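Take a look at the structure set out below.
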Amino acid sequence: MKAVIVGCGRVGAGLADELDRAGWQVLILDLRSSAFDRLPSTFGGTALRGDGTDEDILRRAGAENADLFLALTEGDNRNVMAALLGVEALGAKSTVAKINDPVRAEAYAHLGIATLCRTNLMTSAVLGHMGQAVPSHPGIYAPEKPHSHADGEPHRDDTPALEV
């Protein structure tokens, strides 16, 4: 299994380590070399300094056809751009973009991008811990209409692509 992770913050580094230990082929990118200090010395994957929103850099790094493409930077817009590249240009089978803004997270899911909204996840976790009712909105929004692979083949449905 192959995973591409854009963003080597605490979450990205933790997931990279866990997936690597589980036997995945892991590629993690970050704009800052110092971010890779979060990876353990036992990390056996590939850590590259580069822009995860740059298609050429991702291709040169070997990011095509990943089983999992995670966009986990601190910027909502960067994460959406990276996730779109992952699914539309690089043929990723599954993508998730970390989004802080709950309104954006839901809107991007309506556009076909799976999102992880840490704001909603944390809110629900605290409320649940306090014994309060947990809001019905999820922390992970699944896309309503999956994107097509770069070759034009749909992921899970046969909805034709809109030609421009």
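Across all C-alpha atoms in region 1-132, the radius of gyration and Dmax reach 14.7, 49 Å.
Net charge near Leu85: determine it from the other residues with C-beta under 9 Å of the C-beta of Leu85, scoring Lys and Arg +1 and Asp and Glu -1.
Working: positive: none; negative: Asp54, Glu55, Glu88.
The answer is -3.
Note down the net charge around Leu58, summing +1 for each Lys or Arg and -1 for each Asp or Glu among other residues with Cβ under 14 Å from its Cβ.
Numbers: positive: Lys2, Arg49, Arg59, Arg60, Arg78; negative: Asp30, Asp51, Asp54, Glu55, Asp56, Glu64, Glu88.
Counting the neighbours of Leu58, the net charge comes to -2.
I want the antiparallel fraction of DSSP beta bridges within the chain, as a percent rounded to 5.
15
Over the chain, accessible surface divided per residue gives 55 Å², non-protein components excluded, 1.4 Å probe. Considering only protein heavy atoms and a probe of 1.4 Å, how much of the accessible area of the chain is carbon and sulfur, as a whole percent? About 54 percent, which is the carbon plus sulfur part of the accessible surface.
Could you work out the longest stretch of the chain that avoids the GluC sites (Glu not before Pro) located in DSSP loops with at most 13 other Cβ atoms within 10 Å? Write out the running numbers ahead of the final one.
Working: sites that count: Glu74, Glu144, Glu163.
The reported range is 1-73.
Per residue of the chain, the DSSP helices (runs of n ≥ 4 H) give a summed -39500 (n - 2.57) that works out to -8500 deg cm²/dmol at 222 nm.
The values are calculated or read from the model by the stated rules, or taken from the named source; none is laboratory data. Note that the coordinates shown come from a computational prediction; the quantities given were computed from them, not determined experimentally. Note that we place each Cβ from the backbone using ideal geometry, even for glycine, and neighbour counts take in every protein chain shown. Quick note on the areas: whole protein, heavy atoms, side chains included, nothing else; ligands and nucleic acids left out. Shrake-Rupley method; radii C 1.70, N 1.55, O 1.52, S 1.80 Å.
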